[in-house]
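Visitor: Sharing a structure, written as structure tokens. Questions coming.
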Amino acid sequence: MNEGFEGIVGTSRALREVLDLVRTVAPSNSTVLVEGETGTGKELIARAIHQHSARRDRSFVKLNCAAIPLGLLESELFGHERGAFTGAVARKVGRFEAADCGTLFLDEIGDIPLELQAKLLRVLQEGEFERLGSTQTHWVNLRLIAATNRDLADMVSKKQFRSDLYYRLNVFPIAVPPLRDRVEDVPPLVVHFVKRFARQMGKEIDEVPAEVMQALASHAWPGNIRELQNFIERSVILTTGNVLHAPLAGLRRVAEAEPLWAITLDDAQREHIRKTLVHTRWVVAGANGAAARLGIKRSTLYFRMKKLGIVR
């Protein structure tokens with residue numbers, strides 16, 4: 001559908017503009033900042049940049065900065081020597097070292113604490129760092145792609161994010177549009193996910209009723225593509241014949257329950273995770289658990305539950 005971007009579905013103008021930016025920046029070694037709401041497919045854009053770059057045959061290393069406990073994040077980024085801290089029983093290679101000559105994708109970079117941001121800036125500017133517990137300097141040659149669903153400029157104004165690091169990351173920003181701004185992409189996404197999940201479950205589903213498609217195209221999808229994906233997976237599970245059976249009543253109830261007042265991003269994320277946990281009867285792991293439905297790792301979900309104060 002998108003030549004050279006086989007994993008990205010859609011033909012809307014908003015998406016085509018993003019892919020044009022990917023084609024423009026990919027051949028360079030410039031740092032890219034991918035911005036957008038949760039679930040819009042920022043990692044797919046990062047992978048597309050890597051695949052269209054001269055580094056395509058080297059490693060694509062990723063790290064979700066919000067999924068790692070703060071005490072371990074420095075070790076994950078820069079590595080550590082044996083005995084650097086309690087529990088460091090062997091030398092560990094960090095993500096920067098692993099991505100040497102390739103691409104490093106740091107997701108949710110707005111969650112990196114201030115004390116680590118200076119070290120990150122040094123690597124970006126000088127290409128050098130030390131592992132925890134070592135004085136030996138290591139040099140790396142990599143391409144950094146960062147992503148965030150937060151307003152980094154606002155965080156800079158509130159002294160929550162270093163301005164020098166922000167300017168270094170914001171060399172080439174790419175804003176990924178929310179699904180509500182590319183409504184024409186909903187039908188092909190629905191077809192794509194129906195085919196994928198039907199194949200995984202050994203089913204043959206060759207029809208999506210017109211009224212179902214219309215309802216899906218008119219829904220706001222606050223969780224964006226990830227929410228649509230999880231809804232289609234649930235629909236395929238419920239389908240017994242060759243015509244997709246979508247639980248639209250539940251979708252309408254969710255839409256009606258959406259608050260009309262402004263809420264914070266943490267509040268929205270907390271409510272979305274809580275609803276998913278209730279739907280799975282608080283089962284986190286497994287193919288039908290909350291983590292799989294949210295499209296994240298089990299450890300990431302446990303971390304976010306703790307961070308957002310979500311308890312049964």
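Visitor: Quick check on the chain: of the DSSP beta bridges with both residues there, what percent are antiparallel, nearest 5%?
Guide: On the way: 4 of 23 bridges.
In the chain, approximately 15 percent of DSSP beta bridges are antiparallel ones.
Visitor: Let me ask something else. What does the highest-first list of 211-221, 48-58 look like by mean Cβ count within 10 Å? The partial results should precede the final answer.
Guide: Values: 211-221: 15.8, 48-58: 18.1.
So the order, starting with the most tightly packed, is 48-58, 211-221.
Visitor: With a 1.4 Å probe and every protein chain kept in, tell me what percent of the accessible surface of the chain is carbon plus sulfur.
Guide: On the way: 8220 of 16170 Å².
On the chain, the fraction of accessible area on carbon and sulfur atoms equals 51 percent.
Visitor: Which aspartates and glutamates, if any, have their Cα less than 14 Å from the Cα of K159, not counting same-chain residues under 8 positions apart?
Guide: Straight-distance partners of K159: D111, E115, D151.
Visitor: Count neighbours as other Cβ atoms within 10 Å of each site's Cβ, and list the trypsin sites (Lys or Arg not before Pro) in the range 102-161 that are DSSP loop with at most 11 such neighbours. Display every interim value, and only then the final one.
Guide: Working: sites: K119, R122, R131, R143, R150, K158, K159; in loops: R131, R150, K158, K159.
Listed in order of number, the matching sites are K158, K159.
Visitor: Next up: Need one number: the % of Cα-Cα pairs in the range 161-312 sitting beyond the 23 Å mark. Display every interim value, and only then the final one.
Guide: Working: 5312 of 11476 pairs.
Of the Cα pairs, 46 percent sit more than 23 Å apart.
Visitor: Please give the helix 248-257 orientation as an angle from the longest Cα principal axis of the chain, in degrees from 0 to 90, rounded to the nearest 10.
Guide: Around 60 degrees separate the two axes.
Visitor: Output ³J(HN,Hα) for the range 273-278: one whole-Hz value per residue in order, computed from phi by the Karplus curve 6.51 cos²θ - 1.76 cosθ + 1.60 with θ = phi - 60°, and x for Gly and Pro.
Guide: Running phi through 6.51 cos²θ - 1.76 cosθ + 1.60 with θ = phi - 60° gives 5, 4, 4, 5, 5, 4 Hz.
Visitor: With just the Cα atoms of the chain, tell me how far they stretch along each of the three principal axes, in Å, largest first.
Guide: Principal axes ranked by extent give 63, 45, 41 Å for the Cα atoms.
Visitor: Sorted by accessible area with a 1.4 angstrom probe, largest first, how do Y166, Y302 fall? Please report the intermediate quantities before stating the final value.
Guide: On the way: Y166 35, Y302 115 Å².
Accessible-area ranking of Y166, Y302, largest first: Y302, Y166.
Visitor: On a 0 to 90 degree scale, rounded to 10, what angle separates helix 114-126 from the longest Cα axis of the chain?
Guide: The angle comes out near 70 degrees.
Visitor: For helix 13-25, report the angle its Cα long axis makes with the longest principal axis of the Cα atoms of the chain; keep it between 0 and 90° and round to the nearest 10°.
Guide: 20 degrees
Visitor: Which net charge results when you count Lys and Arg as +1 and Asp and Glu as -1 among the other residues whose beta-carbon is under 15 Å from that of S30?
Guide: Working: positive: R23, R55, R143, R168; negative: none.
Residues near S30 contribute +4 overall.
Visitor: Using +1 on the beta carbon of Lys and Arg, -1 on that of Asp and Glu, and nothing else charged, what's the dipole of the range 106-200 about the Cα centre, debye to 20?
Guide: Numbers: 14 positive and 13 negative charges, 56 e Å.
The calculated dipole for the range 106-200 is roughly 260 debye.
Visitor: Also, quick follow-up: Roughly speaking, what is the centre-to-centre gap between the range 1-44 and the range 111-153 when only Cα atoms are used, to the nearest Å?
Guide: Their Cα centres are 24 Å away from one another.
Visitor: Might you tell me the accessible area per residue for the chain, computed with a 1.4 Å probe and given in Å²?
Guide: Working: 16170 Å² over 312 residues.
Heavy-atom SASA per residue in the chain reads 52 Å².
The values are calculated or read from the model by the stated rules, or taken from the named source; none is laboratory data. Keep in mind that what you see is a predicted model, and the values were worked out from it rather than measured. FYI the Cβ positions are ideal-geometry reconstructions off the backbone, even for glycines, and counts take in every protein chain you see. Accessible surface areas use protein heavy atoms only, side chains included; no ligands, DNA or RNA. Shrake-Rupley method; radii C 1.70, N 1.55, O 1.52, S 1.80 Å.
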